Amino acid sequence: MNDNIDIKLQSWLERRYSDLLEEFKDDKFRMPNAIELFKRKYKHNRDEVSAILSELRRAGRLKAKLDPDDNRRRIYQMVSKEKIITEQLSLTGKVLTRSELENLLKKAADLIRTRVDYKFILVLLFLKRISDKWQDEYKKAYDKAIRDGLKEADAQKEAQSEIYHDFDMPEEYLWDNMRKDVAKLPEQFSKSLKIFAEKNPELKDVLDNVDFILFASSRENAEILRQLVELFSKKSLHNVSPDILGDAYEWILRYFAPTKAKEGEVYTPREVIKLLVEILKPEPKESIYDPASASNGMLIISYDYVKNIYNKEEANKLFLYGQEVNHKTLALGRMNLYIHDMRNAQLSRGDTLLHPKFKRSDGSGVKKFDIVIANPPWNQDGYDEETLKKGEFWKQRFNYGFTTKQSADWAWIQHMLASADDENGRVGIVIDNGSLFRSGREGKIRTSILEEDLIECIILLPEKLFYNTGAPGALIILKKNKEDHKKNKVLFINASKEYEKHPDVRKLNILSERNIVKIVATYNNFKNSDGFSRIVSLSEIKENSYNLNVTLYVYPEEVIEEIDINKEWEELHNIEKEISKIEEKIEGYLKEIK
């Protein structure tokens, strides 16, 4: 059964699901069959159909396997609602469902509110997961040893061997053993973090950032810790799929994003990353690099994209790299990868603009990647010419010019370009909209990059997507080698109206799946669309002083509302009658007072 099965779908996707069920029932079908159906009913193109099938697979409504006659293609088969409900009911009480886990986390969030750093929830979730998983691994290894004829003591010793476990964990520091003495919870958890880090060096950065003793130094926090531990103890996490557990981890990040944004933490909405990844289209065996990796959302969604299109085995063939300057944020990113069961990523700590950690094998420059993707800090200050020249490989990385001290946006873009493979390199960056048209040093850098024909597409995003600013961001897509029909041209997409209201945060907007499908399809087709997209020649951009402000080239068409004059006049007349009646009543009241 697919752990991601979701009975509720967005209405537009539900209709497509019903269409496929009605058309194919239990029969197997291929992509061309689906394209023919949706082209006939909705005039969808291949990219839109591919996105629909991908979403239905993610929701557990569609199964796919490789075509035995052609391994580059897939055979699909629908999953009925009845089967989904039956399977979910059969599993009730056996595994922790997505909704149950989310409810648990909501209770944990209610416990800490803003009084305590939310990172304690993440660490407890992480510890509970690896502890429960260790016990499950132990039980399986022990049972096998007994079946193989080992005596009980020997079977116990065998089952503790590192070869059966993801992490080396002394039994005394397993979750249930640590919570036996409530009075010693802070000491026990602090000791466990230290021991885990010593025995598992890869966890050092993850576990060095939390001090339970300091946390529980106040009576109030000690009680919060006790309640959190008891809350997590109610559920076993050993058999929760990485997808569900990963979504839970992301839920915590998203839930606290509005609060942490006020403190300067940046959380990139996952639908923005999804849009960027679907444009860049990572493939198995490609290398992907995020130079401002934070919680690793870019790498995780890239991995999921390949897993959904191909399978997990192919996703594990990706080469993932990330660099992050903040020690605590790097630790959160590592935990996020572990929770998602992703082990094929290399992370490093450091200031990317000054000390890039991923270098060529001969040390002659920065390492090259197939895809470079990031949402770096917008308008980051402190990286002027004098500072950047103190960095490694500055001549190679900043050869288009130096940024001002007020904004490093185009320094980030240059570093990402320098890190992209010379043959197949694709770059996608989430950036402040102002970087598209500011003049001065930024304008000169922008001009040079445009003249080398490296910018393929500019996408203006809707406002109020981001937790730390209401300003509309933008996506810049750059390529080292454009296709012939895209050379000396830039596609501008004005997606400022492509949004829905955020379901949880009143002042925010979100990109829906429908919005993403529309934007990606427009990018893939590289075509003009009135009020939405336009292909602009470099000569025209030059005439506009290399200004890349999207609204300069494409502006959403205003929908003119047709007015029924007779109806409007009648409503106005009725309003005047109501006002007249109210005035008569007021005059009557005034006469009574006199």
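Scanning the range 441-457 for residues that are surrounded by fewer than 20 Cβ atoms within 10 Å (Cβ to Cβ) and of a type in the set (D, E, K, R) yields 441, 444, 451, 452, 453.
Scan the helices (runs of 4 or more DSSP H) fully inside the range 55-169 and keep the ones with 3 or more residues being surrounded by 12 or more Cβ atoms within 10 Å (Cβ to Cβ) and at pLDDT 85 or above. Spell out how you get there, then give the answer.
Numbers: elements: 81-91, 98-112, 119-147, 152-159.
Where helices (runs of 4 or more DSSP H) fall fully within the range 55-169 and carry at least 3 residues being surrounded by 12 or more Cβ atoms within 10 Å (Cβ to Cβ) and at pLDDT 85 or above, they are 98-112, 119-147, 152-159.
Looking at the range 416-444 only, could you name the residues that are of a type outside the set (Asp, Glu) and within 20 Å of residue 277 (Cβ to Cβ)? Within the range 416-444, 416, 417, 419, 420, 424, 425, 426, 427, 428, 429, 430, 431 meet the criteria.
Does the range 461-490 hold any residues that are part of a strand (DSSP E or B) and basic (Lys, Arg), and which are they?
We begin by selecting, within the range 461-490, every residue part of a strand (DSSP E or B); these are 473-479, 489-490.
Once the filter is applied, which keeps residues that are part of a strand (DSSP E or B) and basic (Lys, Arg), the range 461-490 yields 479, 489.
The residues of the range 353-380 that are at pLDDT below 95 and acidic (Asp, Glu) amount to a single one, 362. Across the range 360-394, which residue is surrounded by the fewest Cβ atoms within 10 Å (Cβ to Cβ) among those that are under 24 Å from residue 287 (Cα atoms) and among the basic types (Lys, Arg)? The residue in question is 360. Count of the range 279-308 residues, restricted to those that are surrounded by 24 or more Cβ atoms within 10 Å (Cβ to Cβ) and of a type in the set (D, E, K, R), is 1. Run residue 332 past the list (1) out of contact with any His (no Cβ under 7 Å at 6 or more places or on another chain); (2) over 30 Å from residue 238 (Cβ atoms) and report the number of the one that doesn't hold. Unmet condition: (2). Looking at the range 133-154, can you tell me whether even one residue there is in contact with a Ser or Thr (Cβ under 8 Å, 6 or more places away or on another chain), among the acidic types (Asp, Glu) and under 14 Å from residue 237 (Cα atoms)? Within the range 133-154 (the criterion being in contact with a Ser or Thr (Cβ under 8 Å, 6 or more places away or on another chain), among the acidic types (Asp, Glu) and under 14 Å from residue 237 (Cα atoms)), the answer is no, since none of the residues qualifies.
Pick from the range 527-559 the residues that are assigned to a helix (DSSP H, G or I) and among the hydroxyl-bearing types (Ser, Thr, Tyr): which of them is nearest to residue 488 (Cα to Cα)?
Within the range 527-559, the subset assigned to a helix (DSSP H, G or I) is 538-543, 550-552.
Next cut, among the hydroxyl-bearing types (Ser, Thr, Tyr) only: 539, 551.
Working: 539: 8, 551: 20 Å.
The residue in question is 539.
In this structure, residue 202 does not qualify as outside the structural domain of residue 345 (by TED's automatic domain parsing), assigned to a helix (DSSP H, G or I) and closer than 17 Å to residue 132 by Cβ.
Scan the range 542-592 for residues that are out of contact with any Ser or Thr (no Cβ under 7 Å at 6 or more places or on another chain), under 19 Å from residue 530 (Cα atoms) and modelled with pLDDT of 70 or more and jot them down. 548, 549, 550, 551, 552, 553, 555 - these are the residues of the range 542-592 that are out of contact with any Ser or Thr (no Cβ under 7 Å at 6 or more places or on another chain), under 19 Å from residue 530 (Cα atoms) and modelled with pLDDT of 70 or more. Just one residue in the set 465, 491 is farther than 20 Å from residue 535 by Cα, aliphatic (A, V, I, L, M) and either crowded, with 22+ Cβ neighbours inside 10 Å or at pLDDT 95 or above (or both); that residue is 465. On the given criteria, is residue 499 touching a helix residue (DSSP H, G or I) at 6+ places or on another chain (Cβ under 9 Å), of a type in the set (Ser, Thr, Tyr) and touching a residue at least 40 places away in the same chain (Cβ under 8 Å)? In short, no. Please go through the range 367-397 and pick out each residue that is assigned to a loop (DSSP other than H, G, I, E, B) and closer than 19 Å to residue 432 by Cβ. Within the range 367-397, 375, 376, 377, 378, 379, 380, 381, 382, 383, 384 qualify. Residues that are in contact with a Leu (Cβ under 8 Å, 6 or more places away or on another chain) and surrounded by fewer than 21 Cβ atoms within 10 Å (Cβ to Cβ) were ranked within the range 259-271; the one that is farthest from residue 520 (Cα to Cα) is 267. When the range 18-54 is limited to residues that are at pLDDT 90 or above, of a type in the set (Phe, Trp, Tyr) and in a helix (DSSP H, G or I), the one that is nearest to residue 280 (Cα to Cα) turns out to be 38.
The values are calculated or read from the model by the stated rules, or taken from the named source; none is laboratory data. From a predicted model like this one, the values you see are computed outputs, not experimental measurements. So basically every Cβ, Gly included, is an ideal-geometry build from the backbone, and we count neighbours across all protein chains shown.
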